[in-house]
Amino acid sequence: MTRRLATIRKRSDAASLCVNDEVAAAGMLHGWLTTVEMQSRRWWRGFAAIHGQLVEAKVREHLPGTRPGFAYAVGRYPPVPLITQPPEWHLDSRAFVEIDGDRFWFAGQQFQACQAEHLKAIGELDGDELRRYRRWRDRGFPVAYPLEGGSDRPCGWIHHGCY
C-alpha cells in the first residue's frame, strides 16, 4: 500500500473574492447563482471563515435590516419562512437553494416573509438598525453594495426579499 503525502490547501487560493461567490453570499442565496459546491454547509463555512467578516460588514452598512445569505447557509439564522408555497408553474417555485437537505428560499414578496420583519421577530434587529432599514426602504431600497475588486458602481444583483 502506498502512502500519499497529505497536502494542505493554501488560503492564498481563496483569498481573492470572485464576484459570483460574493453576490451569492451577500444576497439571499439565489438559486440561479449557486454552484454545486455551494450546496454544502462545509463550503459555506469555508467562505465564512475567509470572507465572512468583510461581506457581513458591507451588508450591515449598505443593506440595513438584512443579513448575508451565507449566515443563513451556515445555520446562524433560521431560514426566512414562506408565507405560502409558490405554485408549481411559477418561477418562484424553483427559487431556493438546497444546502445539505435544507431549503433556503428567495421567493419574492407574495410568497416569502420580509427578511427585516423575520429578523425583528427572532430578536436580531435592534431599534437603531430597524430605523435605518425603514429609511432605506422609504428611499426605495437604493443600490449601494460595493463588490470587492469589481466595478466602482454598486452591485444591483444583491436583493434581500425586503418590502
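Values in this text are rule-based calculations from the coordinates and carry no lab data. Keep in mind it's a predicted model, so treat the numbers as computed, not measured. Counting neighbours? That spans all protein chains shown, and the Cβs are built from the backbone with ideal geometry, glycine included.
Per-residue ellipticity at 222 nm from helix content only, as computed over the chain with -39500 (n - 2.57) for each DSSP H run of at least four residues, stands at -10000 deg cm²/dmol. The mean of 1/r over all distinct Cα pairs in segment 87-163, once inverted, gives the Kirkwood hydrodynamic radius of 14.6 Å. Take the Cα radius of gyration of segment 19-138 and divide it by 2.2 N^0.38 Å, N being the number of residues; the result is 1.04. Note that segment 154-160 has calculated 3J(HN,Hα) couplings of x, 7, x, 8, 8, 10, 10 Hz, one per residue in order, obtained from phi through the Karplus relation 6.51 cos²θ - 1.76 cosθ + 1.60 (θ = phi - 60°); glycine and proline are x. Close amide H partners of Phe96, meaning residues 5 or more places away or on another chain with modelled amide H under 5 Å apart, are Gly31, Phe106.
Cβ crowding within 10 Å, taken as a proxy for footprinting-reagent exposure, orders Phe106, Phe141, Phe70, Phe111 from fewest neighbours to most as Phe141, Phe111, Phe106, Phe70. Once backbone amide H atoms are built at 1.01 Å from N, His159 has Met28 as its partners under 5 Å, excluding neighbours fewer than 5 places away on the same chain.
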